[in-house]
Amino acid sequence: MFIYLSPDHPIRKDEVTAILDIESVTLSVHTRDCLRAQEKKGALITTSYDLPSSMVVTDSATYLSKYTASYLKSKIEQNGL
């Protein structure tokens, strides 16, 4: 099954390592360093022009999504994933 971070950004549910609230995680220096490293590698993907509400981490990339972490998690639970 897929999680749609936007119409152009479906990702497989089994690839998801974490779904995090962007406001909570960006307070940490370590998280900001990780985001910078992902950006340098070209593995930081913004899924919308809107302000991001969540960060979805996979093995291959980190996605910034306009959808809240709770919304994305509820979609996973709704689909029985």
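The values are calculated or read from the model by the stated rules, or taken from the named source; none is laboratory data. Please read all numbers here as calculations on a predicted model, not as lab measurements. All Cβ positions, even for glycine, are placed from backbone atoms using ideal geometry, and neighbour counts span all protein chains on display. These accessible areas exclude ligands, DNA and RNA; they are computed on the full protein's heavy atoms, side chains included. Shrake-Rupley method; radii C 1.70, N 1.55, O 1.52, S 1.80 Å.
See the values below:
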read-out	value
Cα-based helix-to-principal-axis angle, 29-41 vs the chain, degrees rounded to 10	80
Of all accessible heavy-atom area on the chain, the percent that carbon and sulfur account for (1.4 Å)	53
Computed over the chain: relative contact order in percent, which uses C-alpha pairs under 8 Å that are six or more apart	33
Computed helical MRE - 222 nm, the chain, DSSP H runs ≥ 4 contributing -39500 (n - 2.57), nearest 500	-9500 deg cm²/dmol
Check: the chain dipole with +1 on Lys, Arg Cβ and -1 on Asp, Glu Cβ, in debye	80
Integer Hz, Karplus 6.51/-1.76/1.60 couplings in order for the range 71-77, x for Gly and Pro	5, 5, 5, 5, 5, 5, 5
About the Cα centre, charge dipole magnitude for the range 39-81 (Lys/Arg +1, Asp/Glu -1 at Cβ), debye	40
Per residue, in Å², the accessible surface of the chain once ligands and nucleic acids are set aside, probe 1.4 Å	66
